[in-house]
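Written below as structure tokens is the structure these notes are about.
The values are calculated or read from the model by the stated rules, or taken from the named source; none is laboratory data. Worth saying up front: this structure is predicted, and the values here are computed from it rather than measured. So basically every Cβ, Gly included, is an ideal-geometry build from the backbone, and we count neighbours across all protein chains shown.
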Amino acid sequence: MPLGVSSITMYNWRKLSEDDREYVLNERKARQFPWHAPPHFKYEGEKSFIITAACFEHKPIIGASSERMAAFEADLLKVSQRFSTCVFAWCVLPNHYHLLLRTARIAELLKRLGKLHGSSSFSWNGKDGTRGRKVWYRAVERSMRSERHFFASLNYVNNNAVKHGYAEKWQDWPYSSAKHYLDSVGSERASDIWRQYPVLDYGKDWDPA
């Protein structure tokens, strides 16, 4: 299998052959993972995580308006800051978001993000006249394995709007930590970190287009 069993998302699933789907399901059953959802592991102590959540079928529901984008970014940061000791980076795009943070309360945070997804879905569907529409497809957390993993993740999140063609420069995208990061560390230090910890093909199998 080209993808780890724990990294299969609904987007990858649709590209798999019937044989590969059977393989993934059998592996999930054997490891007691949810059959069609990303597993959430138990962690002890404070750790750094990258968290990703996407709109169902990549639909740009968050990006219906600049007001919606800004309000959701504010709500997301409020929840993240409540359940973490530090939010290092974030990026909200029209159809998904990323967070890089440190917490000892990852289970509580994921539960609260689920509630945020539910409340935002209800609000947006009411405003859009689309009651019953599925807005979100869960959230996935990945713990940082090393300093290199952390800084590559930091670069990845700050660069995400550029990666997906929403901005030419980091600081041009208003719904992210990029400008705060550049103001904090300076462009020279940010460039050094970018060169030292390149993104390369980071996230290509799980980041929505």
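Annotations
- Some residue of region 158-172 being buried (at least 22 other Cβ atoms within 10 Å of the Cβ) and among the hydrophobic types (A, V, I, L, M, F, W, C): yes
- TRP90 vs. criteria more than 15 Å from CYS55 (Cα to Cα), modelled with pLDDT of 95 or more and of a type in the set (Phe, Trp, Tyr): yes
- Considering each residue of region 76-85 in turn, none proves to be touching a Pro at 6+ places or on another chain (Cβ under 6 Å) and surrounded by 17 or more Cβ atoms within 10 Å (Cβ to Cβ).
- Condition check for CYS55: at pLDDT 95 or above and surrounded by 22 or more Cβ atoms within 10 Å (Cβ to Cβ): yes
- Filtered residues of region 80-133 (kept if without any contact (Cβ under 8 Å) to a residue 24 or more places away in the chain and closer than 27 Å to ASP183 by Cβ): GLN81, CYS86
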